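Here the structure comes first, spelled out in structure tokens, and everything after it is commentary.
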Amino acid sequence: MVDATASPRSLNQPPPRPRWSEAAAPQVLSGLGPCDPVIYASDLAGAGAKERLVRRLLATLPGQETDGAGSVSLELTALGQPRLFLGGQPGPAISFSQAGRIYAAMTCSGQVGVDAAMPAEFEAGYPLARAFRPAELDWARPLSGGDTAGAAALLWALKEAAVKALGVGFHFLDPLAVEVLSPSPWQGGVRVWVKAGRIIPAWARPEAGGWLAIARYY
């Protein structure tokens, strides 16, 4: 059983914040699921950013090739989940988020969700009680230096990544009904379980003053 109150002593210190050069390069997150890893990267926002990111991520996945400008296309489901097609055929799962830059995460099995959130989105006046449980904020604050807005950004990124991986966003799930549980240090950030009708593994790390989160559904 997952335990929302668990807060390991080593979580009391925020993880180190990566430099932009490290965050922008394609990186591999292994172990957030039973099979293939998640590949993720970021790029400057603007025209063509998503396609550039897709091609960079595909280049890091074994067996994935693009043989021309017209071979990669993106479509959206009715609920806004992106679908990648390679040469007209379904490709790996993909997810995007924008918070200053464009972030993308990709995996060959299951579904993936990525989200980046900044503390400025949760400053004084934000209705925290509508989105976060007191127990969630209690364990998240130490990871943000005691800052409530930073804790809210961490929790929101994790919740948003999870509902993106489910393919529904917050269309059918209320943020308060999505619960982030059992934090533990992992791969330069924090690994959690997100309860959103089912239990979903997710991970987050500090990113450019905020938080970057990735979730898997398989």
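Only residues that are more than 30 Å from Cys35 (Cβ to Cβ) and either under 18 Å from the mean Cα position of the chain (by Cα) or of a type outside the set (D, E, K, R) (or both) were counted across the range 102-129, and they come to 11.
Using the structure shown, decide if Asp138 is at pLDDT 95 or above, surrounded by fewer than 15 Cβ atoms within 10 Å (Cβ to Cβ) and not in a loop (DSSP other than H, G, I, E, B). So Asp138 passes the test. Please verify whether the range 106-127 includes one or more residues that are of a type in the set (Val, Ile, Thr), touching a helix residue (DSSP H, G or I) at 6+ places or on another chain (Cβ under 9 Å) and part of a strand (DSSP E or B). Yes, the conditions are met somewhere in the range 106-127.
Does Gly169 qualify as being without any contact (Cβ under 8 Å) to a residue 60 or more places away in the chain, of a type outside the set (Phe, Trp, Tyr), in a loop (DSSP other than H, G, I, E, B) and surrounded by fewer than 18 Cβ atoms within 10 Å (Cβ to Cβ)? The answer is no for Gly169.
Would you check if Leu155 is modelled with pLDDT of 95 or more, touching a Phe, Trp or Tyr at 6+ places or on another chain (Cβ under 9 Å) and among the hydrophobic types (A, V, I, L, M, F, W, C)? Answer is yes for this residue.
Quick test for you: out of Ala202, Ala208, Ala196, pick the one residue that is modelled with pLDDT of 95 or more and of a type in the set (Gly, Ala, Ser).
Ala202
Of (1) on the phi > 0 side of the Ramachandran plot; (2) in contact with a Ser or Thr (Cβ under 7 Å, 6 or more places away or on another chain), Trp139 satisfies all except one. Which? That leaves (1) as the condition not met.
The values are calculated or read from the model by the stated rules, or taken from the named source; none is laboratory data. Being a predicted model, the structure only gives us computed values, none of them experimental. For neighbour counting, all protein chains shown are included, and Cβ atoms are generated from backbone atoms with ideal geometry for every residue, glycine included.
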